[in-house]
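This report concerns only the one structure given below.
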Amino acid sequence: MYRWLLCFRYLRTRYIALASIISVTLGVATLIVVNSVMAGFSAEMHDRLHGVAGDIMIECQASGGMPDPDAHLAEIRRICGKDLVGFTASVHVPAMLGIEYNGQLITGHVNLVGLDPKTFDQVSQFGRHLLHPENQEQVSFDLREGGYAPERVQFPPAGWSYRRVKVEYERALAAEQARIDAMRARTDTESTTVSETFESAGPSVNFGPTVNFGSSNTTETDTASGPSVGIGPGSELFADGETATAQKFDPKTEQFPGIILGIATCSVRHRDANNQVQDFYYGLPGDDVRMMFPNAAENTKVVNQKFTVVDLYESGMSEYDGSFAFCRLDQLQEFRGMIDPQSGTRSVTTIQLKMAEGTNLAAVRDTLRRRFPPQQYAYNIQTWRDMQGPLLAAVRLETMILNILLFLIIAVAGFGILATFFMIVVEKTRDIGTLKALGASGKGVMSIFLSYGLLLGFVGSGAGLLGGLLFVSNINEIASVIEKITGQEVFDPTVYYFSEIPTIVHPWTLAWVMAGAVTIAVIASVLPAMRAARMNPVRALRFE
Amino acid sequence: MNDEIILSARGLHKSFHKDRNEVPVLRGLDLEVTPGVVTALVGRSGSGKSTLMHLLASLDQPDRGEIYFGNERIDNASRPRRDFYRNREIGIIFQFYHLLPELSAVENVLAPMMIGQSAWSYFRHRKEARLRAEAMLDRVGLLHRATHRPAEMSGGEMQRAAIARALMTDPRLLLADEPTGNLDTETGLDILKLLTELNQLDGLSILMITHDDSIAAGADVCHRMQDGQLQINPAQPNFQVADNRIPA
Ligand SMILES: Nc1ncnc2c1ncn2[C@@H]1O[C@H](COP(=O)(O)OP(=O)(O)OP(=O)(O)O)[C@@H](O)[C@H]1O
Ligand SMILES: [Mg+2]
């Protein structure tokens, strides 16, 4: 009893001891913040990584893909049994994307994925990352009237309405251009009227921000059209793509095969003069783009196909957003010649599986690998974790190292407690002698200081816990304050697709951190407590 | 008076070692404390009175010799036995009071009770314990100071609180090491009066060390320590008093 009374009293009167546990508090708070942020990050990352890929992916490296996917699926279904809850077959092919913008061809290399809209959503959260709300429900490769990304204020108009306006504008522009050319041919004098007509033409079509088909540029590109766009095959391809469809194709009412582009393949993110983040889109739903990819024939040729952008894909993982484009599986199979003319079976390159929750993915992978040995099949069978192995391992390693470092900080705080406790024991020498003279045992005296350490540990780590949790729950506000003070953005949105810091607080982590900190405080008080217990009562009583 | 001896020491030897020099303090000391009387122990400074006290309270162990509490040998008893002996069977008072500075007067008085009992049994009896502590404080005339810290009390008040603390567990013997050594004569005499009252009313045995002959004069038996031994004059307890009484 006196132990608790005394250690409570010591706690109240010895503020120096409280100072010695501030480092415990800080250590605990930092540990909690770091762990929650890391947990948030890795959960978000897992989520996103897993969201773009099925649980298990069977890729065929051959350009022609695996023939007869139905037979494969039947076999896989036999192997996996009832754990298999979803699967989808798709075609992945490296491709070159060409976006015609402002008279220039903007190119990039992408992975073109031909997917089955009905089943693809079963294995991954593909739809969730699309911009149009209806596409999020059910993916469609038909262009929608409008209403893309309704929650984004800055998102420019897109969809059919945009496409019609654009086509009309282009036609008007072409007509105007023809008129000007005709006028130029007659006389070279009236250049002033030209610019006037352009200025009036601009606002009248009401293009919003994309009106940069701009006046002065048009004349320039017109004259410079040769060198800038007309690079050998490019212009050739352009030409036959248009002639093939030009007669009957009316872009105002018709669309090419639909394609969904990764958002970073057709946009750039930058900061304006006011340091506001701005996205600039080269291609929007409603625009037509060009894809060039190899066909599946033995004598590989490049297929050059026009697509109409029907939506954009934004997962938040820059490597996916900047390298993927999706179109319909059957169309891609057709374009690549992956349909056997005799039997009519279609080949695919990739099968993705979705397993029931809690399935041991590695075991399934291994069984599949045994069934499809690499000597016989050029298949690469991986779980989604395998694919992201290095990244996930890096995050785990980072979390572990941070934890070790921070626990070392608390251990250092433990030495502070040790020193402070020794001082308190020396200061309390006479009282220890008194207690022993009143009949207190060595164990009793020892337990005073041990419970003092325990109490300090609880107080210190409790304060740390509170502080840490407060910090975590207000982390975004704190980040914005830090941003204001330092002028340095914590999460640069041009780099990260996070606008908020994700955090997850695991109760177990809290328990571990608390237990660790309290244990360190108790261990640090063992030596001083033993010294107090062993103290000779007579010497203690004579101590001045 | 009882014929039985409450505390006795036989042939106590104790010496301290300092830088390889042996300093003998007690050399075959014999002592018997009769129950129900106030025994005074006088002697020059450095004669080993406090050392003897610590041995009798089993805070230290003699090099040779035996200490008996009643008929039980206490100097080589087990630790828990000696803890119990200090906690329940004797009360100790010091020259410098040795109150715990973090606790109030009443909590200091409660301390032996808290030490002697498990937390649970103390908790169950805490009301009675508190009442008893207050009664003890009342006994020494300090009830109005119950919630004061030692730092807020005078020397005499602190010594009273220490006496109340020593009496808390109802001991049979009170060991007092210069209980008045730090107080002025009048306060000292007050304390002495309190002790003799306790002796007379409750039959408490008191072994009291003192420098002050006027204090020693109030005792029933007076021993003088010299050369590590006692010179006993039981026939005339107050044999020293007549020469050295301080003029009042
Ligand atoms: N721990 C120790 N180490 C060495 N010598 C000691 C120790 N404790 C006491 N002494 C010596 O033992 C002798 C007796 O000391 P003690 O305190 O018992 O005297 P005392 O009679 O109580 O004196 P006073 O009247 O001044 O209180 C002294 O000479 C002292 O120096
Ligand atoms: Mg002394």
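The values are calculated or read from the model by the stated rules, or taken from the named source; none is laboratory data. The structure presented is a predicted model; accordingly, all values stated were derived computationally and were not measured. So basically every Cβ, Gly included, is an ideal-geometry build from the backbone, and we count neighbours across all protein chains shown. Side chains are part of the model used for accessible areas, which takes the heavy atoms of the whole protein and leaves out ligands, DNA and RNA. Shrake-Rupley method; radii C 1.70, N 1.55, O 1.52, S 1.80 Å.
For region B:42-57, a tally of residues being under 12 Å from B:GLN229 (Cβ atoms) and among the aliphatic types (A, V, I, L, M) returns 1.
In the set (1) touching a strand residue (DSSP E or B) at 6+ places or on another chain (Cβ under 9 Å); (2) within 12 Å of another protein chain (Cβ to nearest Cβ); (3) closer than 24 Å to B:ASN182 by Cβ, B:LYS49 fails one condition alone, (2). B:GLU89 satisfies every condition listed in (1) in contact with a Pro (Cβ under 9 Å, 6 or more places away or on another chain); (2) open to solvent by 20 Å² or more (accessible area, probe 1.4 Å); (3) facing chain A (nearest Cβ under 7 Å) except (3). Here the strands (runs of 3 or more DSSP E) wholly within region A:323-413 that include at least 3 residues being within 30 Å of A:LEU312 (Cβ to Cβ) and open to solvent by less than 20 Å² (accessible area, probe 1.4 Å) are A:324-328, A:350-355. Considering only residues that are farther than 24 Å from A:SER318 by Cβ and in contact with a Leu (Cβ under 9 Å, 6 or more places away or on another chain), which ones fall in region A:49-82? A:ILE56, A:ILE58, A:ILE76, A:ARG77, A:ILE79, A:CYS80, listed by residue number. Report whether or not B:LEU100 is within 14 Å of chain A (Cβ to nearest Cβ), in contact (Cβ under 8 Å) with a residue 24 or more places away in the chain and within 24 Å of B:LEU183 (Cβ to Cβ). Against the criterion (within 14 Å of chain A (Cβ to nearest Cβ), in contact (Cβ under 8 Å) with a residue 24 or more places away in the chain and within 24 Å of B:LEU183 (Cβ to Cβ)), B:LEU100 qualifies. Step by step: first the residues of region A:62-78, then only those that are in contact with a strand residue (DSSP E or B) (Cβ under 8 Å, 6 or more places away or on another chain) and part of a loop (DSSP other than H, G, I, E, B), then the one that is surrounded by the most Cβ atoms within 10 Å (Cβ to Cβ). Which residue is that? The qualifying residue surrounded by the most Cβ atoms within 10 Å (Cβ to Cβ) is A:GLY65. In region A:137-152 there is at least one residue that is in a helix (DSSP H, G or I) and out of contact with any Cys (no Cβ under 7 Å at 6 or more places or on another chain). Is there a residue in region A:301-310 that is aliphatic (A, V, I, L, M), under 17 Å from A:GLY159 (Cβ atoms) and at pLDDT below 85? Among the residues of region A:301-310, not one is aliphatic (A, V, I, L, M), under 17 Å from A:GLY159 (Cβ atoms) and at pLDDT below 85, which makes the answer no. When we screen B:ALA164, B:ALA119 for residues that are within 14 Å of another protein chain (Cβ to nearest Cβ), crowded, with 23+ Cβ neighbours inside 10 Å and away from ligand 1 (no atom under 16 Å from the Cβ), the only hit is B:ALA164. Quick one: would you say B:GLU72 is open to solvent by 10 Å² or more (accessible area, probe 1.4 Å), more than 19 Å from the chain's Cα centre (by Cα) and at pLDDT 90 or above? Yes, satisfied. Just to verify a result, which residue in region B:123-155, among those that are over 25 Å from the mean Cα position of the chain (by Cα) and not in a loop (DSSP other than H, G, I, E, B), is surrounded by the fewest Cβ atoms within 10 Å (Cβ to Cβ)? Here the residue is B:LYS127. Considered as a group, the residues in region B:173-219 that are in a loop (DSSP other than H, G, I, E, B) and surrounded by fewer than 18 Cβ atoms within 10 Å (Cβ to Cβ) include one that is nearest to ligand 1 (Cβ to nearest atom), and that residue is B:HIS211.
Each residue in region A:455-471 was checked for being surrounded by fewer than 21 Cβ atoms within 10 Å (Cβ to Cβ) and under 28 Å from the mean Cα position of the chain (by Cα), and 3 of them qualify.
When you check B:LEU41 against the structure, is it over 18 Å from the mean Cα position of the chain (by Cα) and either under 17 Å from B:ILE74 (Cβ atoms) or more than 8 Å from ligand 1 (Cβ to nearest atom) (or both), yes or no? No, not satisfied. Of all residues in region A:1-24, those that are within 14 Å of chain B (Cβ to nearest Cβ) and small (Gly, Ala, Ser) total 1. All conditions in (1) more than 31 Å from the chain's Cα centre (by Cα); (2) farther than 20 Å from A:LEU73 by Cα hold for A:GLN331, with the sole exception of (1). Within region B:168-195, residues that are more than 13 Å from chain A (Cβ to nearest Cβ) and more than 16 Å from ligand 2 (Cβ to nearest atom) reach partners that are of a type in the set (Asp, Glu) and not in a helix (DSSP H, G or I) with beta carbons closer than 8 Å, at six or more positions or on different chains, in the pairs B:THR185/B:ASP212. I'm trying to understand the selection: among the residues of region A:427-454, which are away from chain B (no Cβ under 14 Å) and either open to solvent by 10 Å² or more (accessible area, probe 1.4 Å) or among the β-branched types (Val, Ile, Thr) (or both)? Of everything in region A:427-454, those that are away from chain B (no Cβ under 14 Å) and either open to solvent by 10 Å² or more (accessible area, probe 1.4 Å) or among the β-branched types (Val, Ile, Thr) (or both) turn out to be A:LEU450, A:LEU454. The residues in region B:21-80 that are without any contact (Cβ under 8 Å) to a residue 12 or more places away in the chain, within 21 Å of B:ARG172 (Cα to Cα), away from ligand 2 (no atom under 16 Å from the Cβ) and not charged (D, E, K, R) can be counted, and the count is 3.
Any idea which of A:LEU26, A:LEU49 is part of a helix (DSSP H, G or I), out of contact with any strand residue (DSSP E or B) (no Cβ under 8 Å at 6 or more places or on another chain) and under 23 Å from A:LEU112 (Cα atoms)?
So the residue among A:LEU26, A:LEU49 that is part of a helix (DSSP H, G or I), out of contact with any strand residue (DSSP E or B) (no Cβ under 8 Å at 6 or more places or on another chain) and under 23 Å from A:LEU112 (Cα atoms) is A:LEU49.
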